[in-house]
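Step one of this worksheet: look at the structure below.
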Amino acid sequence: GAGAGELSPAREARHSLRPLAEVLQHMLGAEVPFAFVCEGPLAPEADAALVACPPGGVVLFEDLRFCAGEVAGLDGEAVAADALGASLALLGDVYCLETFGVAEDECRSDASLSLSLLKVPLPVRCAGPLLAQEIEALAACVLAPRRPLCAVVGGDLIKAQRPHIEALLNVCDELVLGGPLALAVKSHAFGVQLGASVLKAEDLAEVDWLLAHAKERRVRVHLPCDYIAADLNSPDATRMTSDDMSGVPKGLHVLDIGPRTVARFRQPLRRAMTIVWLGGPMGCCEFEKFAGGTKAVLEACAEAVARGAVLSVLCQEVTRAAAGLGLQERLRAKGAHLSTGGSAACAFLCGSSLAAVKHLSDAPDTAAAAATAAAAAAAAAAAVPSPSPLRSSLRAPPPAALPSSVVALGICGFGRVGRAVLRATVLGAHSGKAQVVAISDAQCDVEQMLYLLAHDSVLGKWPSDAPPLSTSRSAAGGEGGEGDFLLVGSTRVMVLKARVASECNWPAGVTVIDTQLGAHASGLGGRGLTAAQVAVHLRQGAKRVVLAGPSPDAPLCIPGLNAKQQVGSRSHVIATGDALALAALPLLGALHASFGVQAAGVSLLGPALEGGRTVDSPAPGAGPGASSHVSWRTGRGCGQNVAPAPSGLAAAAATALPALAGKVGGVEWRVPTAGAGALDVTVQLRSAASAQSVLLALERWSSSLPARTASVVHLQAAVSSDFTANAAALTLDAALTLTLESGLVKLVGWQHAEVALAQAALELAALGDAADRSVLGGLLRAAEALRLLPPLAAKA
């Protein structure tokens, strides 16, 4: 068998490592024994070779593809990977994972074996240079891509590629389509006759999805306009060129893109600072006659890399095409990333973790390496001038290098919540942990921002002992305002003037907190902005968007309830929910865990909306044809009325606290006051409980959370103004707790909605940044672990 030294018929002898033993022997000037290993105990010849090996000697073992266990895995039989891995681990102290393709899937036999070896407690389990290069290149494209980002997608129809394309559409600015995928779009959506190309019913649905998804995310799609066709794919075929007007005659196959299409595709590639290519080539490039389009697009990518763009090719077919066309070495020489593990790269792009990377042994100084790499990346980004971006004449420069533990923030909307965010980063609990580097508000210039921040009618004047406020205006900024800065002490905060979110050119890699919805958006029906509406920030330089308010489709992440589980490195758009959900749902979750909740009703008495009317006037959206009287109430004078408003609490509970779906409801009341409001919670428990036991359980719960999430206080005669500067999403007033024998409990708490939303948004931004650093640390660990190899090699 294979373990006894016979080559399995499933493997060809040309794949054997035996010739390498002779090369090593010549290079080292010493004998290099060659042996086989097998599943289970080591083969006798392998054991004998190890015993006979002198100090400093080298033994070369056969490629594991000849192992019986590996061959069985290829045949579909179960492979005892753990036993085989444990056996192989007896051979040494260092395991180096070099193959990127097996880092992805635990179901593959070779990947299972690699994971088994990584799980064995060897002193060093590290990445080889190839794997380190792959994951570092992917990190540059995924964690903080430079804008604009252009995706090039070729290959077959999109059903199999849909997860990859969807991941790209969420972050890219422009999309270049080639191959059968582009033909499907042209034929179905534009009615172009393309010869023998036949579309199936499922292909039509996928084309519709692609175009709708791109339109929703405002991604500009580039399609072919002329074609190279032939009757068959062979070097002897007769070529013909056609375009959209003439179409391709029936019986002919489109095998490549034409010269006008190449010229069209060069335009977005010239603009791009990050290019990601997946799916396949532009045409059938097996023969030089039909490889012109793929070669021309690869050359355009090489030109982009030469001027400083980042290129990552995640398709092995394109990598092979580049080699066949003589472009592979040229691209790599310019710093392009040509992946050797296409499926693993695509899985990483879609958010799947690389199963093998997490099992690498911890390397020394990983945190220091991450900080050094982050500083180097920021310095490199600052050193490379950005080209004119897609949608603006001026791109905001990257922020100055911050410590790796400090979150770089952008604020969209400088209303009450936006100002609370900035105050919290300078004066509050997030001071030193987050820093605002840019602000965008079309209605407010830098001088008015300074005035509103310095003279806050609710939170008070800017403290005299705080970093002083000032402004800096540059003549270069012009009417666009990008030369204006708000100065907080020595910190410069760029002020971006943009009419709409799609014109906010954020510094690269910031987390944008979008506060334009306002603190009480739930009063407008609880729906809020969609993920697609705020995802435009991602295409303008941001790495993540935190929506300070509810959203009908963005993931709802509530601190103290589900935020730690929901927020990850791939959480590009997340929402805090409204102020009522932030206060009520963690509380109800704690009560349900301790006592069981049968039903709950919650009321929030809060100040008027940021856009509330001082006197009665027509409300927005309440004109002819308005179907609800709810919006009419927003037009009544906020200083003369107590007005009810519907809440999205029930929908939020169904999403974030499914155990209480259909058991929770709420209403908000607008009262003529400012600052903090009151929360009234009535809960029906499954069984009766005393006020003391309820408060004891809630005190234990709140003590496990940060003080700015929830707390229980024992105060006498407290009123709302006592909590104006309180940052907690909920402060329960123990003195007002009531319980009845029937299990009915009434709790009263206090909350400053704007401050609570700001704190929640900052918490989510910090969680997302920590997740990014965790992923980056895992990626850097591979490169860092390589430093352990030279001392070990020298010792051997």
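The values are calculated or read from the model by the stated rules, or taken from the named source; none is laboratory data. Computed from a predicted model, the values in this text were never measured in an experiment. Cβ coordinates were reconstructed from backbone atoms using ideal geometry, including for glycine residues, and neighbour counts include every protein chain displayed. Just so you know, the surface numbers come from the protein's heavy atoms only, side chains and all, with ligands and any DNA or RNA stripped out. Shrake-Rupley method; radii C 1.70, N 1.55, O 1.52, S 1.80 Å.
Mind telling me which of the residues ALA48, ALA21 ends up being modelled with pLDDT of 75 or more, part of a helix (DSSP H, G or I), open to solvent by 40 Å² or more (accessible area, probe 1.4 Å) and of a type in the set (Gly, Ala, Ser)?
ALA48
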Qualifying residue in the stretch 603-616 (condition: at pLDDT 85 or above, out of contact with any Lys or Arg (no Cβ under 9 Å at 6 or more places or on another chain), open to solvent by 10 Å² or more (accessible area, probe 1.4 Å) and polar (S, T, N, Q)): yes
All positions within the stretch 267-296 that are more than 27 Å from the chain's Cα centre (by Cα) and crowded, with 24+ Cβ neighbours inside 10 Å: MET282, GLY283, CYS285, PHE290, GLY293, THR294
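Go through ALA652, ALA579, ALA593 for me and flag whichever is open to solvent by 20 Å² or more (accessible area, probe 1.4 Å) and at pLDDT 90 or above.
On the way: ALA652 fails: open to solvent by 20 Å² or more (accessible area, probe 1.4 Å); ALA579 fails: open to solvent by 20 Å² or more (accessible area, probe 1.4 Å).
Being open to solvent by 20 Å² or more (accessible area, probe 1.4 Å) and at pLDDT 90 or above holds for just one of ALA652, ALA579, ALA593, which is ALA593.
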Residue match in the stretch 632-639 (condition: of a type in the set (Ser, Thr, Tyr) and either surrounded by fewer than 19 Cβ atoms within 10 Å (Cβ to Cβ) or under 22 Å from ALA600 (Cβ atoms) (or both)): no
Some residue of the stretch 664-679 being surrounded by 16 or more Cβ atoms within 10 Å (Cβ to Cβ), of a type in the set (D, E, K, R) and touching a residue at least 40 places away in the same chain (Cβ under 8 Å): yes
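I'd like to check something: does the stretch 200-212 contain any residue that is of a type outside the set (Ser, Thr, Tyr), touching a Ser or Thr at 6+ places or on another chain (Cβ under 7 Å) and either surrounded by 15 or more Cβ atoms within 10 Å (Cβ to Cβ) or without any contact (Cβ under 8 Å) to a residue 12 or more places away in the chain (or both)?
Residues of the stretch 200-212 of a type outside the set (Ser, Thr, Tyr): 200-212.
Next cut, touching a Ser or Thr at 6+ places or on another chain (Cβ under 7 Å) only: none.
Within the stretch 200-212 (the criterion being of a type outside the set (Ser, Thr, Tyr), touching a Ser or Thr at 6+ places or on another chain (Cβ under 7 Å) and either surrounded by 15 or more Cβ atoms within 10 Å (Cβ to Cβ) or without any contact (Cβ under 8 Å) to a residue 12 or more places away in the chain (or both)), the answer is no, since none of the residues qualifies.
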Pick from the stretch 404-451, criterion assigned to a strand (DSSP E or B) and farther than 20 Å from LEU547 by Cβ, ranking: modelled with the highest pLDDT: GLN435
Verdict on LEU740 being out of contact with any helix residue (DSSP H, G or I) (no Cβ under 7 Å at 6 or more places or on another chain) and either among the hydroxyl-bearing types (Ser, Thr, Tyr) or in contact (Cβ under 8 Å) with a residue 60 or more places away in the chain (or both): no
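Name the single residue, out of those in the stretch 438-463 being buried (at least 22 other Cβ atoms within 10 Å of the Cβ) and of a type outside the set (Asp, Glu), that is farthest from THR515 (Cα to Cα).
Initially, the stretch 438-463 is screened for residues buried (at least 22 other Cβ atoms within 10 Å of the Cβ), giving 438-441, 446, 449.
Now restrict to residues that are of a type outside the set (Asp, Glu): 438-440, 446, 449.
Values: ALA438: 14, ILE439: 11, SER440: 10, VAL446: 17, MET449: 15 Å.
So, considering only residues that are buried (at least 22 other Cβ atoms within 10 Å of the Cβ) and of a type outside the set (Asp, Glu), the one farthest from THR515 (Cα to Cα) is VAL446.
So, of the residues in the stretch 164-186 that are hydrophobic (A, V, I, L, M, F, W, C), in a helix (DSSP H, G or I) and open to solvent by 10 Å² or more (accessible area, probe 1.4 Å), which turns out to be modelled with the lowest pLDDT?
Taking the stretch 164-186 and keeping what is hydrophobic (A, V, I, L, M, F, W, C), we get 165, 167-169, 171-172, 175-177, 181-185.
From what is left, the residues that are in a helix (DSSP H, G or I) are 165, 167-169, 181-185.
Narrowing the set further to residues that are open to solvent by 10 Å² or more (accessible area, probe 1.4 Å) leaves 167, 183.
Values: ALA167: 77, LEU183: 85.
Checking each candidate, the answer is ALA167.
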The stretch 564-576: number of residues that are surrounded by 24 or more Cβ atoms within 10 Å (Cβ to Cβ) and either at pLDDT below 90 or β-branched (Val, Ile, Thr) (or both): 4
Residue selected from the stretch 532-562 under the condition polar (S, T, N, Q) and in a loop (DSSP other than H, G, I, E, B), by the criterion nearest to ALA651 (Cα to Cα): SER551
Answer residue from the stretch 250-266, given it is farther than 15 Å from LEU175 by Cα and β-branched (Val, Ile, Thr) and is modelled with the lowest pLDDT among those: VAL254
First in the stretch 584-599 and within 15 Å of ALA661 (Cα to Cα), second anywhere and charged (D, E, K, R) and open to solvent by less than 10 Å² (accessible area, probe 1.4 Å), Cβ under 6 Å, 6 or more apart: none
Residues that are aromatic (Phe, Trp, Tyr) and closer than 19 Å to VAL602 by Cα, drawn from the stretch 712-732: none
